[in-house]
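Engineer: Below is the structure I would like to discuss, written out as structure tokens.
Read-outs throughout are calculated quantities, based only on the coordinates presented, and are distinct from any laboratory measurement. In this text, all values refer to a predicted model and were calculated from it rather than measured experimentally. Here the Cβ positions follow ideal geometry from the backbone for every residue, glycine too, while neighbour counts run over all protein chains shown.
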Amino acid sequence: MKPLRIHGLTKEYRIGFSRRSVLALDHLDLEIDEGEVFGFLGHNGAGKTTTIKLLMGLVYPTAGEAWILDRSIRDVGVKQSIGFLPESPFFYEYLTAEEFLTFYGQLFGIGGVTLTKKIDELLELVSMTDARRRPLRKFSKGMLQRIGIAQALINDPKLVILDEPMSGLDPVGRRDVRDIILRLKQEGKTIFFSSHILPDVEMICDRIAVLVKGRLKAVGTVQELAGASSVTSIELVAQDVSESTVAGIQDWGATATRRGHHILIKLEDDKRVNDVIERIIRQNGRIVSLTPHKQSLEEFFLTESGMNRI
Ligand SMILES: Nc1ncnc2c1ncn2[C@@H]1O[C@H](COP(=O)(O)OP(=O)(O)O)[C@@H](O)[C@H]1O
Ligand SMILES: [Mg+2]
């Protein structure tokens, strides 16, 4: 069973007196596998929040359909089995972390010892056990985001949907959220989250989709999208390399630059890497490092969005 299936999902907003239309989402097709961390990538205004709002039943599709855990999104009951963190969550700031989670647990009809145990578990998961009795108004943005994720998990959902969970956070806060997402994956949950922050997506997602102006531009693993085989160049740093070896390597089309004890060798592709390494080692040189330069997802993403032409 696919936790999430989206077929031809479309949303057209009508705005203003003239009822001008904005096509926020244009026939989106997407299927998410069980246990996957799926990144939904796109610039501001790409249609990420619209997609998530459609899935959550907060706005209605102009066309198309979607199923969460094999139930239509039009079925209100489907919300019982998903966790959701909106883009700008609202927090009752006078509640403590514990009271906040108790409130949401009770909304799902959980209570008593079951709820107490669940809250202990979730506070531990998001590393907030020590802050459990502190009011939310004293929380940093990163702490609020973590408690928001804990709230999204109170009903033990199979599918967790997070809208820009890392946005507005500092590098430490972003890493914390990434770690939580990976822990959820280990627990067997499926995570669908949106982001415009590439490195975060690159690091933790099994697959990603790139959305550009409401249209799906690409779906695949990071390696597939960034073209794992498309090594653009190779940089090799070596030590104790003789002049005759350098000359030999340059004959193969490499460039070599001395930097103190080190020599920096640049190759246009990976065809002669083994030859170069072998030659250096044979004359008792030492390889210090080897760095293949690939097209990053960032470059891919910019190309797909047509943004690199600006
Ligand atoms: N309620 C709305 N009414 C009219 N237009 C909207 C509404 N919500 C979003 N849009 C428009 O739809 C497009 C997609 O927005 P959104 O889904 O919020 O993108 P993202 O989350 O990727 O930044 C944008 O052009 C935005 O201005
Ligand atoms: Mg958004």
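Engineer: Rounded to two decimals, what ratio of Rg to Rh does the chain give with C-alpha atoms and a Kirkwood Rh?
Structural biologist: Values: Rg = 24.8 Å, Rh = 22.4 Å.
Looking at the chain, the ratio lands at 1.11.
Engineer: Compute the relative contact order of segment 231-294 as a whole-number percentage, counting only Cα pairs closer than 8 Å that sit 6 or more residues apart in sequence.
Structural biologist: Computed over segment 231-294, the figure is 54 percent.
Engineer: So what's the gap between the Cα centers of segment 242-282 and segment 61-103, to the nearest angstrom?
Structural biologist: 57 Å
Engineer: I would also like to ask the following. Where nothing but the Cβ of Lys and Arg (+1) and of Asp and Glu (-1) is charged, how large is the charge dipole of segment 3-124 around its Cα centre, in debye to the nearest 20? Please report the intermediate quantities before stating the final value.
Structural biologist: Working: 12 positive and 17 negative charges, 152 e Å.
Using only the charged Cβ atoms, the result is roughly 720 debye.
Engineer: Follow-up. Can you tell me which aspartates and glutamates have their Cα less than 18 Å from the Cα of Lys266? Leave out same-chain residues fewer than eight positions away.
Structural biologist: Glu235, Asp240, Glu243, Asp251, Asp275, Glu278
Engineer: What is the spin-label model distance, in nm, from Ser88 to Val288 if the labels are put 7 Å beyond Cα along the C-beta direction?
Structural biologist: 5.0 nm
Engineer: Show me the trypsin sites (Lys or Arg not before Pro) within segment 1-109 that DSSP assigns to loop and that have at most 11 other Cβ atoms within 10 Å of their Cβ.
Structural biologist: Here the trypsin sites (Lys or Arg not before Pro) that fit, given the DSSP loop and packing criteria, are Arg19.
Engineer: Points 7 angstrom from Cα along the Cβ direction at Ser18 and Thr114: gap in nanometres?
Structural biologist: Going by the 7 Å Cα→Cβ label model, 5.5 nm.
Engineer: Only Cα pairs under 8 Å and at least 6 apart count here; give the relative contact order of the chain as a rounded whole percent.
Structural biologist: Normalised by residue count, the contact order of the chain is 19 percent.
Engineer: What percent antiparallel are the DSSP beta bridges of the chain, to the nearest 5?
Structural biologist: Taking every DSSP beta bridge within the chain, about 70 percent pair in antiparallel fashion.
Engineer: Something else now. Return the single residue from Lys118, Lys138, Lys213 with maximal mean-square fluctuation; model: Gaussian network over the chain, springs between Cα atoms under 10 Å.
Structural biologist: Top of the fluctuation ranking is Lys138.
Engineer: Follow-up. Output the relative contact order of segment 59-168, whole-number percent, from Cα pairs under 8 angstrom with separation of 6+ residues.
Structural biologist: 41 percent
Engineer: Hey, can you rank 109-116, 93-100, 271-278, 32-39 by average C-beta count inside 10 Å, highest first?
Structural biologist: Output ranking for 109-116, 93-100, 271-278, 32-39: 32-39, 93-100, 271-278, 109-116.
Engineer: Arrange the following residues from fewest to most other Cβ atoms within 10 Å of their Cβ: Leu41, Leu85.
Structural biologist: Going from least to most buried by this count: Leu85, Leu41.
Engineer: Give a quick list of GluC sites (Glu not before Pro) in segment 219-273 that DSSP marks as loop, anything other than H, G, I, E or B, with at most 16 other Cβ atoms within 10 Å.
Structural biologist: Those satisfying the criteria are Glu268.
Engineer: Ranked by Cβ crowding within 10 angstrom, fewest neighbours first, how are Trp67, Trp252 ordered?
Structural biologist: Fewest to most other Cβ atoms nearby, the residues stand as Trp252, Trp67.
Engineer: Where does each of Val78, Val172, Val126 land when they are ranked from fewest to most other beta-carbon atoms within 10 angstrom?
Structural biologist: Ascending number of Cβ neighbours within 10 Å: Val172, Val78, Val126.
Engineer: Take each complete run of DSSP H in the chain, measure how far its Cα atoms stretch along the helix's own axis, and keep only those covering 15 Å or more with mean Kyte-Doolittle hydropathy at least 0.0; list them. It would help to have the intermediate numbers written out before the result.
Structural biologist: On the way: long enough: 97-107 (16 Å, 0.19); 112-125 (20 Å, 0.27); 141-152 (16 Å, 0.17); 171-186 (23 Å, -0.59).
Passing helices, by number: 97-107, 112-125, 141-152.
Engineer: Moving on. Treating cross-link reach as a plain straight distance, find the aspartates and glutamates whose alpha-carbon is under 19 Å from the alpha-carbon of Lys213, omitting any fewer than eight places away in the same chain.
Structural biologist: Glu12, Asp26, Asp29, Glu87, Asp163, Glu164, Glu298, Glu299, Glu304
Engineer: May I pose another question? Rounded to the nearest 500 deg cm²/dmol, what is the calculated helix-only ellipticity per residue at 222 nm for the chain, with -39500 (n - 2.57) per DSSP H run of length n ≥ 4?
Structural biologist: It comes out at -9500 deg cm²/dmol, rounded to the nearest 500.
Engineer: What distance in nm separates the two pseudo spin-label positions at Arg137 and His43, each 7 Å out from Cα along the beta-carbon direction?
Structural biologist: It works out to 4.0 nm between the two label points.
Engineer: Same structure, new question: Note down the net charge around Ile52, summing +1 for each Lys or Arg and -1 for each Asp or Glu among other residues with Cβ under 10 Å from its Cβ. Let's see the in-between values first.
Structural biologist: On the way: positive: Lys48, Lys53; negative: Glu87, Asp163, Glu164.
That sum, taken over residues with Cβ under 10 Å, equals -1.
Engineer: What does the charge dipole of the chain about its Cα centre add up to, to the nearest 20 debye, if the Cβ of each Lys and Arg holds +1 and the Cβ of each Asp and Glu holds -1?
Structural biologist: About 840 debye.
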